[in-house]
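For reference, the structure is listed below as structure tokens.
The values are calculated or read from the model by the stated rules, or taken from the named source; none is laboratory data. Everything numeric in this text was worked out from a predicted model, so none of it was measured. With ideal geometry, Cβ positions are generated from the backbone for all residues, glycine too; neighbour counts draw on all protein chains shown.
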Amino acid sequence: MIDFDDLAVRARRYQASLDTRLVRPADAALAALQRLDQPLPQAPSNPAAILAELDEIGSPATMAATGGRYFGFVTGGVLPAALGADWLAAAWGQNAAMDVMSPIAARLEEIALRWIGEALHLPATGGALVTGATMANFTGLAAARETLLARQGWNVSSQGLFGAPPIPVVVGGEVHASMRKALSLLGLGKDRVIQVPVDGQGRMRPGAFPTLTEPAIVCLQAGNVNTGAFDPALELIPLAKSSGSWVHVDGAFGLWAAAAPARAHLMAGYDQADSWTTDAHKWLNAGYDCGIALLRDAAPLRDALDVPAAYLSHGAQRQPMHYTPESSRRARGVPVWAALKSLGKQGLADLVERCCRHAAHFAEGLTQGGFEVLNDVVLNDVVLNQVMVSFGTTEQTTAVIAAIQREGTCWCGSTQWQGRTAMRISVSSWATTSEDVTRSLEAILRVAHQTLEQGAPPS
């Protein structure tokens with residue numbers, strides 16, 4: 001048996017170490033991973049010894065992504081209530097496919113989806129919890145494909161795509177890679193899209209929007225992954241709807257702006273879309289893994305993903321597996337429900353706004369330090385929670401980013417933005433404090449100036 005008391009001590013010790021350790025693993029911790037590369041044991045091993053080995057070797061080799069100074073990618077931490085609920089869900093060992101397999105998992109998923117729609121002020125009647133943004137986009141786009149082909153008398157679920165009428169797909173010039181992957185998986189083609197030119201912040205230009213003569217799938221972006229910018233939905237959605245098109249919104253983190261009164265204006269017009277996607281493991285801080293697809297009308301989603309079988313008998317309740325790409329699945333609704341209940345509307349709004357204030361602090365400090373912030377800063381405020389900064393040439397910026405990552409006070413990633421190399425700071429964790437930002441900003445400025453003074457190549 002597992003000693004759960006010992007496991008809890010190990011977990012608490014790991015959590016307590018996050019404030020004092022380097023965000024990146026030390027070189028010695030990475031080297032120690034080789035000790036895990038052993039032949040498959042011939043005989044069973046003691047569970048307590050396995051967990052002790054995993055903690056002793058594995059814990060130091062993690063990125064401190066749940067702490068307050070990890071700003072790489074748009075990664076949330078894990079709220080205490082979500083962490084505890086996930087532990088409990090793991091102990092329950094539930095299959096969240098159907099309510100007869102897990103009444104609690106099915107019910108909490110349904111409640112969580114309703115709460116998310118309410119928190120984001122979206123007219124969603126249903127949706128799904130999946131692995132992440134790629135599968136959430138896949139899920140919403142599957143409903144779009146089902147609907148648009150059905151209007152032309154084609155049942156894609158039974159007839160497939162061979163010989164099906166083509167569906168035009170419209171995306172912005174800064175469409176996220178997860179959207180392209182989802183389009184590819186659906187057989188719609190990641191490269192056969194109509195790409196709309198964007199402005200300097202990555203927003204689609206309404207004046208460049210194509211004249212659509214037939215229904216299409218139009219994909220908008222709520223929160224550019226580099227700048228935080230939003231496509232102008234108030235102008236674009238009427239253009240799309242005039243041709244009977246389906247509007248899908250990729251809002252992996254930006255959709256949560258709707259939950260904060262001070263940022264809700266960014267979501268103006270987005271409630272007129274047909275499907276929306278976001279992540280619970282980003283700004284909601286519900287832990288990995290959880291993507292969210294919301295639908296104005298859930299019926300096309302069930303038409304696209306229904307799994308009839310003689311042995312799958314169930315009651316009249318909503319059956320999660322009929323709305324998701326996978327059947328057997330973990331009980332994601334449990335930590336999501338716990339995260340939402342622990343925050344409430346006020347706590348969720350504060351989480352979003354607090355992260356945005358931290359991002360503005362970074363932008364202001366970097367500008368005062370003599371470096372160029374590439375995303376819009378108006379009245380000392382960035383659009384959302386993203387900051388992009390250049391430290392000079394591509395070579396200089398690359399050298400500074402590498403030095404910051406090695407130094408380890410915080411961790412920020414690199415990106416390419418409209419021909420320029422930049423460092424991207426994403427503030428998404430509930431655990432990030434003003435002290436974390438001040439400490440990280442001091443380290444970034446110190447390391448950047450040292451690196452440039454030591455002669456990072458100017459060109």
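Numbers for the structure displayed
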| quantity | calculated |
| --- | --- |
| Subset tally (residues that are of a type outside the set (Val, Ile, Thr) and either assigned to a helix (DSSP H, G or I) or in the same structural domain as Thr409 (by TED's automatic domain parsing) (or both)) for region 7-28 | 12 |
| Subset of region 172-188 that is in a loop (DSSP other than H, G, I, E, B) and in contact (Cβ under 8 Å) with a residue 60 or more places away in the chain - its residue that is surrounded by the fewest Cβ atoms within 10 Å (Cβ to Cβ) | His176 |
| In region 371-391, the residues that are crowded, with 19+ Cβ neighbours inside 10 Å and touching a residue at least 60 places away in the same chain (Cβ under 8 Å) | Phe371, Leu374, Asn375, Val382, Val383, Leu384, Asn385, Gln386, Met388, Phe391 |
| Per-region count, region 29-69, residues in a loop (DSSP other than H, G, I, E, B) and charged (D, E, K, R) | 2 |
| Within region 216-319, strands (runs of 3 or more DSSP E) holding 3 or more residues that are of a type in the set (A, V, I, L, M, F, W, C) and crowded, with 24+ Cβ neighbours inside 10 Å | 217-221, 246-250, 291-295 |
| Verdict on Arg114 being basic (Lys, Arg), assigned to a helix (DSSP H, G or I), in contact (Cβ under 8 Å) with a residue 12 or more places away in the chain and more than 30 Å from Pro25 (Cβ to Cβ) | no |
| Answer from Ala128, Ala89, Ala124, Ala106 - the residue that is closer than 28 Å to Ala338 by Cα, small (Gly, Ala, Ser) and within 17 Å of the chain's Cα centre (by Cα) | Ala128 |
| Meets criteria (among the aliphatic types (A, V, I, L, M), under 24 Å from Asp303 (Cβ atoms) and assigned to a loop (DSSP other than H, G, I, E, B)) for Ala164 | yes |
| Every pair of residues 6+ apart whose Cβ atoms lie under 8 Å, when the first sits in region 1-21 and is hydrophobic (A, V, I, L, M, F, W, C) while the second is surrounded by 13 or more Cβ atoms within 10 Å (Cβ to Cβ) and not in a loop (DSSP other than H, G, I, E, B) | Ile2/Ala48; Ile2/Leu51; Leu7/Leu51 |
| Matching residues in region 236-292 - criterion: being over 25 Å from Val169 (Cβ atoms) and of a type in the set (Ser, Thr, Tyr) | Tyr288 |
| Single match in Trp430, Trp417 (criterion: under 20 Å from the mean Cα position of the chain (by Cα) and more than 17 Å from Phe253 (Cα to Cα)) | Trp417 |
| Residue match in region 339-360 (condition: surrounded by fewer than 20 Cβ atoms within 10 Å (Cβ to Cβ) and under 21 Å from Glu174 (Cα atoms)) | no |
| Candidate set: region 96-116, residues that are buried (at least 22 other Cβ atoms within 10 Å of the Cβ) and touching a strand residue (DSSP E or B) at 6+ places or on another chain (Cβ under 9 Å); chosen: the one nearest to Pro325 (Cα to Cα) | Ala96 |
| Cβ pairs under 9 Å, 6+ apart, first in region 410-422 and more than 20 Å from Ala443 (Cβ to Cβ), second modelled with pLDDT under 95 and polar (S, T, N, Q) | Trp417/Asn375 |
| Matching entry among Arg145, Arg151, Arg107, Arg69 (being within 30 Å of Val437 (Cα to Cα) and not small (Gly, Ala, Ser)) | Arg69 |
| Residue check for Ala89: assigned to a helix (DSSP H, G or I), out of contact with any strand residue (DSSP E or B) (no Cβ under 6 Å at 6 or more places or on another chain) and either over 30 Å from Ser434 (Cα atoms) or in the same structural domain as Val389 (by TED's automatic domain parsing) (or both) | yes |
| Residue within region 189-212 that is surrounded by fewer than 16 Cβ atoms within 10 Å (Cβ to Cβ), modelled with pLDDT of 95 or more and in a strand (DSSP E or B) present | yes |
| Subset of region 356-415 that is acidic (Asp, Glu) and touching a helix residue (DSSP H, G or I) at 6+ places or on another chain (Cβ under 7 Å) - its residue that is modelled with the lowest pLDDT | Asp381 |
| Candidates Leu83, Leu33, filtered to the one that is surrounded by 13 or more Cβ atoms within 10 Å (Cβ to Cβ) and under 29 Å from Val336 (Cα atoms) | Leu83 |
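Table: residues versus (1) surrounded by fewer than 16 Cβ atoms within 10 Å (Cβ to Cβ); (2) not assigned by TED's automatic domain parsing to the domain that holds Val334.
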| site | (1), (2) |
| --- | --- |
| Ala43 | yes, yes |
| Pro47 | yes, yes |
| Ile50 | yes, yes |
| Asp55 | no, yes |
| Pro60 | no, yes |
| Tyr70 | no, yes |
| Gln94 | no, no |
